[in-house]
Structures are given as structure tokens and as C-alpha cells.
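The structure under discussion appears below in the form of C-alpha cells.
Since every read-out is calculated from the coordinates, none of them should be taken as a lab result. Here the structure is a predicted model, which means the values were calculated and not measured. All Cβ positions, glycine included, derive from the backbone under ideal geometry; neighbour counts span all protein chains shown.
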Amino acid sequence: MEFNFLDSLPAIAPEFGLLILAIVVLALDLYLRGDKRDNIAYVTFFGMAALALTPIIWQPEAGSTEYWGGMVRHDSLAQIFKVMVLLAGAITALIAASTREFAQKGEFYLIIIVSALGACLMSASADLIMVFIALETTSIPLYVLVAFRREDKLSVESSMKYFLFGSFASAVMLYGFSFLYGFAGTTNLSAIAAHMASGAMADNLAPVLVAMVLIFVGFGFKISAVPFHFWTPDVYEGAPTPVTAFISVASKAGSFALLMRFLVEVFPQGIVIGGQQVEEFWVGLVIASAVISMTVGNVLALSQKNIKRLLAYSSIAQAGYVLIGVAALQAATAQSVASVSYYLFMYTFTNLLVFGVVALFTESTGSETIADLAGLSRRNPLLALSMTIGLLSLAGIPPAAGFIGKFFLFQAAVEANLEWLAMVGVLNAIVALYYYLVVIKIMYVDRSEDDDKPIAVSVPGRMMLAITVTATLILGIIPGPVFDWALEGASALFEVAAAFGTLVF
Amino acid sequence: MVEVEAFIVLSAALFILGAMGVVLRRNAILVFMSVELMLNAANLALVAFAWHWGGMDGHIFVFFVITVAAAEVAVGLALIVAIFRSRQSINIDELHLMEG
């Protein structure tokens, strides 16, 4: 294909914009003095929110086209995930702006932007090289952000754990990539599938499975699925709350987009090696991980005292729910991809809402203990109401978006003949309801000595609450437009898989 | 002429050594070096496969991996220094302020 800069630009427009925004923020950090430094956060917020419009303005053509030398794909699936990541970055900037600690830290916003750039590229990667660079561009800034409070032992310790686990997982994943390259002699994802389908692998099933498991370890770490979740509670607790909020949505969204691409493009249906369907093994890994993530996450969340730790275990369980949708990919229904995209879309807002409230609460009280939330409904009714909406959405109670999100996921599982997996999901949702309701009960019923001390919320904090609460409720009541968009993403993804047989070598 | 399999066996050995180092070592710097060994095992495999297929993709991949590893080293060593400042030790068994 002839290279044309302007034709290729829309494929990486958000990333390009983020790069420029990063330079602008860096310059502002150098030149602004005193109170004017508050503007850095607003520049980040409005910049990323505006960039979230570029994927909507520059709609890709139907289907999925490779750009930039086959490195990135330009399709609806990438677009929807890029919008998620950009909005997550924008809202994180607001959360950070509402804390005294980060409001004027220019470098904080810079690192958030760079990490978002990586997560955007992740959701569009079409090549092993791009996958690896995008993963690391997302992760390395996050290691730095977690350790942002250099003098705080918790912050540094959790960052060290995150870093050692993270670099180990990416080394394991890279070794898996080197195998895939060895099988096919190409780093292009769909070309690898075409090569494996051509029968060149003959009966060599074992190396393919080894590569598959190695790669799944890397993904399991990124999406904090059990048994690769050990870092999650410590990092969520130790990291500054705005950082925790960002980690829990942006890098996760990008990783799930990539996980679906891997399943559909590299190990699609119809690859038979040594008389075995390769896809079955992959789906088996996903199902096993989904079941234990949901169960372990929810059971361990029951006994938590720290709200950020509770949300960490809840996010492990949420990753398990999403994996149900990923497992449903084996039926190759549009519903499966769309339900995963939709769930993560609403999860972005819901989780940022919950962590945002925690950040605002910690900002004025200095406490992260669940028991200290007592009397929140009297100290700031709006904050308590927002938190309630967020927790109900995580639990899956209508009219919050979490209900319709879970409904789509379980529906996808039923369509893929995985009724029992949907049942496990429903049972887990009931267990989860308990610990979310306990937090709500503490906020509304329990009395505290500080009942008469109101909690003030700053302007960026109010903006953040307004955006996330509105989005959570609207996505729950009118899911249509976003879900239709997600269905477009699904058809783009399957078009790639349908075309793999026709690639020429 | 050495076959490509010989390189892959060597890289698998390096990878397993590195993984064992991560699991068994308690000094943060040594754990970190073991991770680097795993990355280099992958690099060796990539270069060997690129030689086998006669393509350039693997070589280019290795360049990027080396660059990323350098970035990782910068962050990792900074973290280790920060840890050492706060507790005069880089033994990862002592990282247990948070439990549960």
C-alpha cells in the first residue's frame, strides 16, 4: 500500500494529540508560577476530553485496515477503547486537581498522558512489536506514578512490588512472543494465524500451547486476573488514590482490547494443530481464570477494612465478569465483543466515580478506613449519594449502568452455550452485593462523632462527580448508542478473522 | 553450521535460569537482573528465529526490546534507591507493610 501521511493520520490521531498535549503540559510546568499552576490540570482535562472526540469525528471505514506499516489497526474496536482511555485520563486529571497534593504537580499530568498514549496504542496494535512497546509505554509510567510519594513507605513499597511483578510478567509474555515469531517468521498478528492455519505447524501442538500460556500470564497480570493478582491489593492501597483510579480503568481497558484481538486474530477458530482445536485451550484458560477471579475476588473482599483494598478485590472480581464475555468469544457472536466493550466503557465511569469519592473523602479526613465513612450521608449528602450510585453500579443494580453491563455479559455467555458460567457470574454478583451494601449502610445508618463536620468538595471534584454520575446513569438507562457502536467494533474484529485464510505469502 | 534449535535450547536455559532467579533471590537488584536475563533470553530467541527465517522483523524487535529494557532499568534502579533510603535494606522479604 502506498504510504500517505494524511490518510494514515486518523489511525493515530489521538496518540498524536496526546504527544502534543504532553509537550504543552511539560512547557506549562516549566513556565507557570504560583496559583496559575492550577491550570495545568484543566489543560490536561480539556485536552484529553477534546482528543476523545477525534475517534468520533474521524470514523474509520467499515471493517479494519492496517496503517503505519501494519503496526496499528484503524477500526471501531480501537476507537471505542481509545475513547475510554482518553476519558479515563481526563477524569483522572480532575480527581488529581481536587487534591492539594497533586493539583500543581505538572509532571503528574505529563506521566498520566504518556501512559494513556500507551493504552491507546495497545487497543489498536496489529503487530507483536507494537503490542510489546504499547504495553511497556503504559506500564513504565504507572510504576513511576505509584511511587509518586517518594517519602511514603507504602507508596514506594507497593511500586516496587508492581514493578517486579510487572517486569517479570512482561518478560514472560515477550518470551511467548518470540515463540510466535519463531512459528511464523512474521510479527503481524493475523499473518501469524494464517501461517499456523496453513498446516506448517504439522503436529507441533506443545510449543503453541507453551507460547499461549506464556502470553496469557502477561495478560493475566495486566487485567489482574487470579492467579496473577497478587500485586493488585497492595498497589491499589499503596498508590495515591488518583493513580489507583487510573490504573484500575485505563491499563485494564487497553489490555482487554488486546486480549480480544489476540484471541480472535492469533488463535481464531479453525486452527487445528495435531488434531486439536487451538482455540479450545485458550478459551479453557479464560474460563478457568474467570471463575477463580470472580470467586477469589469476591470472597476476599468480604473481610476488608480499607476501602481501597476492598475496591482492589472488587476489581479482581470485575475482571472475572469481563472474562466471561471474553470466553463467549468462542461462539464468534458480535454480542460477546460488544458486551466486553460496553462493560468496560461503563466500568471506566463507575470505577472513576467510586475512586473519585474515596479521593475526595481522604482529602478532607485523611482516612481510608471503611468504618470512618460512617455518617457520610450527613457530612456531605451529595458525596454519599454519588458513592451509592457508583457502588450500586458495581454491584449491578438498575438503573445504574452496571446492571445492563452485566446483563449483556451474561447474555453473551448464554448465546455461547456457557449457561453455567453465567450462573457462576450471577451467584458471585449476589456475594458481591453484600459487601457493597455494607459500605452503603455504613455511610447512611452508622453514626460517627464527626457527623456535624461537613466535608467540602472543590470545583474540579464537583465537575468529576457531575460527569461520572451522569455517565453512569445515562449508560444504564439508554445503553443503545454505545452498544451499537460496540457492535460495530465487533464486526470489525471478526472481519479480520474472516480474512486470515486469504492472506498470501 | 549450528542449527537454530541449539540457540533455542540455550535461550530456554537462560529463561529458566532467569525465572528461577526471580523466584529464589531475595535481593531486589538480583531479582531485577534475573528479569533482565529473561528479556535477553527472549532476545536471543528472536535473533535466532530471524536468522532462521531470513527476515528483519526479529532483529528490529530486539532493538526495541533493548530500548524498553533500558527505560525499565532507569525506573527500577530509581525505585530501589528510594526503597533503600526509606529502610536501609533492599531485601524483598521485608516488603510487608500491607497484608490481607
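In chain A, a dipole from Cβ-located charges (positive for Lys and Arg, negative for Asp and Glu) runs towards its positive end, and of A:LEU473, A:VAL226, A:ALA416 it is A:LEU473 whose Cα lies farthest in that direction. Legend: ranking of residues A:PHE179, A:PHE46, A:PHE163 from fewest to most surrounding C-beta atoms inside 10 Å; resulting order A:PHE46, A:PHE179, A:PHE163. Under a model in which nothing but the beta-carbon of Lys, Arg (+1) and Asp, Glu (-1) is charged, the stretch B:4-98 shows a dipole of about 320 debye around its Cα centre. Other residues lying with their Cβ under 13 Å from the Cβ of A:GLN318 contribute a combined charge of +2, Lys and Arg counting +1, Asp and Glu -1.
Computed over the stretch B:4-98, the P(r) tail beyond 20 angstrom holds 47 percent of alpha carbon pairs.
3J(HN,Hα) along the stretch A:50-66, derived from phi through the Karplus expression 6.51 cos²θ - 1.76 cosθ + 1.60 where θ = phi - 60°, amounts to 5, 5, 5, 7, 4, x, 7, 5, 8, 4, x, 5, 4, x, 9, 10, 8 Hz, with x in place of Gly and Pro.
Label sites at A:VAL24 and A:LEU382, each approximated as a point 7 angstrom past Cα along Cα to Cβ, lie 2.8 nm apart. Every helix of 4 or more DSSP H residues in chain B counts as -39500 (n - 2.57), and over all residues that averages to -28000 deg cm²/dmol at 222 nm.
The angle between the Cα long axis of helix A:153-184 and the main principal axis of chain A comes to about 10°, on a 0 to 90 degree scale. Near A:ILE271: Cβ cut-off under 15 Å, other residues only, Lys/Arg at +1 and Asp/Glu at -1. The net charge is -4. In chain A, a dipole from Cβ-located charges (positive for Lys and Arg, negative for Asp and Glu) runs towards its positive end, and of A:ALA290, A:THR388, A:ALA498 it is A:THR388 whose Cα lies farthest in that direction. Tally Lys/Arg at +1 and Asp/Glu at -1 over every other residue whose Cβ is under 13 Å from the Cβ of A:ALA332; what's the total? In short, -4. Couplings 3J(HN,Hα) of the stretch A:387-394, computed from phi: 4, 4, 4, x, 5, 5, 5, 4 Hz, in residue order, whole Hz [Karplus 6.51 cos²θ - 1.76 cosθ + 1.60, θ = phi - 60°; x for Gly and Pro]. Between the helical axis of A:459-477 and the longest alpha-carbon principal axis of chain A there is an angle of about 50 degrees.
Scanning residues 5 or more positions from A:VAL72 or on other chains, those with amide H under 5 Å from its amide H are A:TYR67, A:ALA126, with H placed 1.01 Å from N in the peptide plane.
Scalar couplings 3J(HN,Hα) for the stretch A:406-422, obtained by applying the Karplus form with A = 6.51, B = -1.76, C = 1.60 to θ = phi - 60°, are 5, 4, 4, 4, 5, 4, 4, 5, 5, 4, 8, 6, 10, 4, 4, 5, 4 Hz; x denotes Gly and Pro.
Here's the picture: charge each Lys and Arg Cβ at +1 and each Asp and Glu Cβ at -1 in the protein assembly as shown, and of A:GLY320, A:GLY70, B:VAL65 the one pushed furthest to the positive end of that dipole is A:GLY320.
Here the convex hull built on the C-alpha positions of the protein assembly as shown has a volume of 142 cubic angstrom per residue.
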